[in-house]
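The values are calculated or read from the model by the stated rules, or taken from the named source; none is laboratory data. Note that the coordinates shown come from a computational prediction; the quantities given were computed from them, not determined experimentally. Heads up, the Cβs are rebuilt from the backbone with ideal geometry, glycines too, and the neighbour counts pull from every protein chain shown. Calculation scope for accessible area: heavy atoms of the full protein, side chains included, ligands and nucleic acids excluded. Shrake-Rupley method; radii C 1.70, N 1.55, O 1.52, S 1.80 Å.
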Amino acid sequence: MKRHAFSWLFVLGILAASCDSGNSGNNGNNTNNTNNINNTTNNINNNTNNTNNANNTNNANNTNNANNVNVIPHNQNKTEEQALAQLFPRMTFEKQTDAAGDYYVVRDAGGAVAGYGLVHANWGFNGEVKTLSGIDAAGLTVGVETISQRESWWTYIPESYFLQFTGIPFESVTLLPGYDHNCSPRCTSLYEAIGVDAVSGATYTSDAIIKNVMDGYLHYDELRSGQ
């Protein structure tokens with residue numbers, strides 16, 4: 001009887017061990033399944049974050065593109081509206097005409113006069129050269145933009161020629177109300193009055209521009225005096 005009892009106890013022990021071993025295996029599988037679920041969740045979260053980051057980047061790029069103005073170089077043709085948008089960004093403008101020609105009154109967001117856009121044209125080598133000069137309310141030259149030209153020597157007129165006019169205070173300009181519009185090709189007095197240099201090799205063309213700028217200063221002087 002003792003031997004049989006021992007045998008049954010031995011068998012029960014083996015069965016118990018087998019059951020524990022099976023449970024251990026199941027617990028291991030359950031742990032792996034939990035890890036897989038967690039990994040899947042993490043992957044979903046990562047993908048969501050990546051998508052959000054991509055969307056945020058795209059939104060930022062779109063915002064930057066919306067804020068940036070497609071700048072056209074000073075020496076390239078453009079519309080008067082494009083020239084004004086470059087010289088006076090985020091401002092409004094109203095076109096007017098008087099005896100001196102067309103001009104724009106530029107206003108800031110509060111409606112105050114921020115400056116003027118002055119359109120003038122003079123004959124170059126092949127035809128009229130039209131430009132727009134921007135002068136702010138304090139008398140500082142904002143810049144000069146090309147509106148239209150068909151000069152055969154235009155390639156000699158570099159961007160640097162136009163940049164000379166940016167930042168010139170109106171008070172430093174010597175006005176020449178009686179200057180000769182037929183001074184080409186020797187408008188030396190105009191260059192000296194404004195304080196810039198002519199372009200060598202394209203005298204008639206650069207003279208047309210300097211006359212436009214002087215006409216703009218004379219026009220601005222009239223507008224300022226009439227306020």
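I'm trying to understand the selection: among the residues of the range 118-140, which are within 19 Å of residue 207 (Cα to Cα), of a type outside the set (Phe, Trp, Tyr) and in a strand (DSSP E or B)?
118, 119, 120, 121, 122, 128, 129, 130, 131, 132, 133, 134 - these are the residues of the range 118-140 that are within 19 Å of residue 207 (Cα to Cα), of a type outside the set (Phe, Trp, Tyr) and in a strand (DSSP E or B).
Restricting to the range 196-225, count the residues that are free of Cβ contacts under 8 Å to residues at least 40 places away in the same chain, within 20 Å of residue 132 (Cβ to Cβ) and in a loop (DSSP other than H, G, I, E, B).
Of the residues in the range 196-225, 1 are free of Cβ contacts under 8 Å to residues at least 40 places away in the same chain, within 20 Å of residue 132 (Cβ to Cβ) and in a loop (DSSP other than H, G, I, E, B).
Exactly one condition in (1) open to solvent by less than 20 Å² (accessible area, probe 1.4 Å); (2) at pLDDT 95 or above is false for residue 202; which is it?
Of (1) open to solvent by less than 20 Å² (accessible area, probe 1.4 Å); (2) at pLDDT 95 or above, only one is false for residue 202: (2).
Could you check the range 92-117 and list, in sequence order, the residues that are in contact with a strand residue (DSSP E or B) (Cβ under 8 Å, 6 or more places away or on another chain) and in a loop (DSSP other than H, G, I, E, B)?
Within the range 92-117, just 108 meets the criteria.
When the range 151-178 is examined, which residues are found to be part of a loop (DSSP other than H, G, I, E, B) and open to solvent by 30 Å² or more (accessible area, probe 1.4 Å)? Show your work before the answer.
Taking the range 151-178 and keeping what is part of a loop (DSSP other than H, G, I, E, B), we get 151-153, 157-158, 164-168, 173-178.
Residues satisfying the conditions are 152, 153, 158, 164, 166, 167, 174, 175, 176, 177, 178.
All but one of (1) among the polar types (S, T, N, Q); (2) touching a strand residue (DSSP E or B) at 6+ places or on another chain (Cβ under 8 Å); (3) at pLDDT below 95 hold for residue 141; which doesn't?
If we test residue 141 against (1) among the polar types (S, T, N, Q); (2) touching a strand residue (DSSP E or B) at 6+ places or on another chain (Cβ under 8 Å); (3) at pLDDT below 95, just (3) comes out false.
Being of a type in the set (Asp, Glu) and more than 20 Å from residue 149 (Cβ to Cβ) is the filter here; which residues of the range 174-227 pass it?
Residues satisfying the conditions are 180, 192, 221, 222.
Could you say which residue among 119, 113 is surrounded by fewer than 20 Cβ atoms within 10 Å (Cβ to Cβ), closer than 19 Å to residue 94 by Cβ and under 25 Å from the mean Cα position of the chain (by Cα)?
Being surrounded by fewer than 20 Cβ atoms within 10 Å (Cβ to Cβ), closer than 19 Å to residue 94 by Cβ and under 25 Å from the mean Cα position of the chain (by Cα) holds for just one of 119, 113, which is 113.
Are there any pairs, at least 6 apart or on different chains, whose C-beta atoms fall under 6 Å, with the first in the range 83-102 and within 13 Å of residue 147 (Cβ to Cβ) and the second acidic (Asp, Glu) and open to solvent by less than 60 Å² (accessible area, probe 1.4 Å), and if so, which?
Correct list of pairs: 83/145.
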